[in-house]
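For reference, the structure is listed below as structure tokens.
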Amino acid sequence: MRIVIFISLFFGILNSSCRKANLDGIANLNRDEISAIGHGGMGISSTYPIDTYESLTAAITAGADGVEIDVQMSNDSVLVAFHDHDLSTSTSCAGKINNHSWELLKDCEYVKEIFSVYQIWSLPEIAEYWKGGSSRIVVFDCKLIYSANFNEFIMTYAKKLTELVGSFEFEGDILIESQSVAFLQLIQGLKPDYKLFYYPQSFEEGLGIAKAYGLYGITIASSNITKEQIAEAHDNGLRVAVWNVNSRKDNVEAINKSPDYIQTDKLNGLLRLLK
Amino acid sequence: MFRTKFAWVIVLLLALGFNSHAKGLGTFADTLHNKNTVTLNVGGPAGYWAIGYERNIVRQGSWWMYGAVAASLWGLKDYNGDFNPNVSIPLGIGVLYGGSAHKLELGLSNTLYSISMAEGGVEGGRELGMNGNLQIGYRYCMPHSRWSIRVYYLGVLVSYENFVNFGGLSIGYSF
């Protein structure tokens, strides 16, 4: 009995680890190439906390085609690179980003494993340090976590974001993604040429909205979209970015679906697969 | 309330069990437990991994007191790709209680660390910090062998400000 379990486990592991990425079969709207985007920089399993300058720069140094940055806004309208809904899950502070001023937030430190040295970064700081940087893709995942009036919040957020994008002296592409159609429309009104992605719950919803509003593409969890649906999005002129890619198996499965962008937590593994 | 009482009863029974085990195997313990132990640690007060050294300082019946030091390097290259490793050095003392094979341990330690970070610009800087640690664990010393393994819970006071629950696992070789 034990030998049967052992053999099943052995071949199970062998099968899952040996699945191959089919690079020759890639067909998309990104010149038949997949851009490797690091989630918050190096992803959640890195020694650097995601969305820190260190993690974002490490991803660029590692050879990523680009980075995804989670963007929230403080109560004094500073755009802040931060992933979680609440500060207490990963830092020495508590509450929403939008509950605090940047003056307070800049003193919050990430507690990563058992060390506490990395600070929270504002987007203007990162833009300043990356001035004249190499041509990479920057994806802004706009997390609209607000504490007061939504309409006022997104108006200010959109204004600050367009100012920021203007200040990014960066040769690469800038992509903006959001779960809010109202916010994307607002950005579209301010800057019609921006590359906007809708972040739907399901493929059908995403396809419908992205087509209706003339967006650049959709961002969706890799497990929520099939290869055929990605091809359908491409047929409709829409790019597809997939996320929630956390392992080698996820990387391989995502590659084999031919999206345009993969936002991965296993960046080095994805880069090795795409070589 | 019942759970708490039950937990205390378990702890008491374990302690009595260890005590009787210790008495039964006293001579065995004397011959097998050398003063020095080198350890390979995963997790623990050093963070990710470490090589450590322990020395038994005092022994009184089934009690031992030891001092320990460890060192760890990780992330050899920083975010700019330059050689700029992170370093952590825990230093602590602890007590072991039990027989020749099974021991409970309680320890206190301080971890000094220096970590590469972007401080005030694109050039890599470093941050020096300290943690306080409380360690509660179990150690198994293999009979007729110099090898031991241990597993422990670690309560860490990060920068002596924020409390974090952590843990560790290590193997040791005594000589």
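Overview of results
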read-out: Matching residues, the stretch A:131-141, being in contact with a helix residue (DSSP H, G or I) (Cβ under 8 Å, 6 or more places away or on another chain) and in a loop (DSSP other than H, G, I, E, B); value: A:Ser134, A:Arg136
read-out: Odd one out for B:Phe83, checked against (1) within 29 Å of A:Pro49 (Cβ to Cβ); (2) touching a residue at least 12 places away in the same chain (Cβ under 8 Å); value: (2)
read-out: Residue count for the stretch A:192-216, restricted to those that are part of a strand (DSSP E or B) and either among the small types (Gly, Ala, Ser) or surrounded by fewer than 21 Cβ atoms within 10 Å (Cβ to Cβ) (or both); value: 1
read-out: So A:Ser180, is it within 27 Å of A:Ala64 (Cα to Cα), surrounded by fewer than 20 Cβ atoms within 10 Å (Cβ to Cβ) and among the hydroxyl-bearing types (Ser, Thr, Tyr); value: no
read-out: Residue within the stretch A:250-269 that is at pLDDT below 95, under 28 Å from A:Lys131 (Cα atoms), of a type in the set (A, V, I, L, M, F, W, C) and in contact with a helix residue (DSSP H, G or I) (Cβ under 6 Å, 6 or more places away or on another chain) present; value: no
read-out: Members of the stretch A:250-275 found to be in a helix (DSSP H, G or I) and more than 17 Å from A:Ile26 (Cα to Cα), listed by number; value: A:Leu267, A:Asn268, A:Gly269
read-out: Residue among A:Thr162, A:Thr156, A:Thr89 that alone is without any contact (Cβ under 8 Å) to a residue 12 or more places away in the chain and not aliphatic (A, V, I, L, M); value: A:Thr89
read-out: Residue satisfying condition, being within 14 Å of chain B (Cβ to nearest Cβ), free of Cβ contacts under 8 Å to residues at least 24 places away in the same chain and aliphatic (A, V, I, L, M), within set A:Ala94, A:Ala81, A:Ala127; value: A:Ala94
read-out: Unmet criterion (only one of (1) in contact with a His (Cβ under 8 Å, 6 or more places away or on another chain); (2) away from chain B (no Cβ under 14 Å)) for A:Asp51; value: (2)
read-out: Lone unmet requirement of (1) at positive phi; (2) touching a helix residue (DSSP H, G or I) at 6+ places or on another chain (Cβ under 7 Å) for A:Leu164; value: (1)
read-out: Test: residue in the stretch A:62-74 that is more than 15 Å from A:Leu267 (Cβ to Cβ) and surrounded by fewer than 24 Cβ atoms within 10 Å (Cβ to Cβ); value: yes
read-out: Yes/no for B:Leu96 being without any contact (Cβ under 8 Å) to a residue 60 or more places away in the chain and either within 17 Å of the chain's Cα centre (by Cα) or surrounded by 17 or more Cβ atoms within 10 Å (Cβ to Cβ) (or both); value: yes
read-out: Some residue of the stretch A:149-156 being surrounded by 18 or more Cβ atoms within 10 Å (Cβ to Cβ) and in contact with a strand residue (DSSP E or B) (Cβ under 7 Å, 6 or more places away or on another chain); value: no
read-out: Yes/no for B:Tyr66 being part of a strand (DSSP E or B) and touching a residue at least 60 places away in the same chain (Cβ under 8 Å); value: no
read-out: Answer residue from the stretch A:142-191, given it is of a type in the set (Asp, Glu) and assigned to a helix (DSSP H, G or I) and is farthest from A:Thr219 (Cα to Cα) among those; value: A:Glu152
read-out: Selection status of A:Asp260, free of Cβ contacts under 8 Å to residues at least 40 places away in the same chain and farther than 23 Å from A:Met155 by Cα; value: no
read-out: Of residues in the stretch B:43-68 being among the hydrophobic types (A, V, I, L, M, F, W, C) and out of contact with any Lys or Arg (no Cβ under 9 Å at 6 or more places or on another chain), the one nearest to the other protein chains (Cβ to nearest Cβ); value: B:Ala46
read-out: Residue match in the stretch A:217-225 (condition: loosely packed, with under 14 Cβ neighbours inside 10 Å and part of a loop (DSSP other than H, G, I, E, B)); value: no
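Residue-by-condition table, conditions (1) at pLDDT 95 or above; (2) out of contact with any Leu (no Cβ under 7 Å at 6 or more places or on another chain); (3) within 20 Å of A:Trp243 (Cα to Cα):
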site: A:Ser147; (1), (2), (3): no, yes, no
site: A:Thr156; (1), (2), (3): yes, yes, no
site: A:Leu164; (1), (2), (3): no, no, no
site: A:Ser167; (1), (2), (3): no, yes, no
site: A:Ile187; (1), (2), (3): yes, no, no
site: A:Gln201; (1), (2), (3): no, yes, yes
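The values are calculated or read from the model by the stated rules, or taken from the named source; none is laboratory data. All values derive from a computational prediction rather than experimental measurement. Counting neighbours? That spans all protein chains shown, and the Cβs are built from the backbone with ideal geometry, glycine included.
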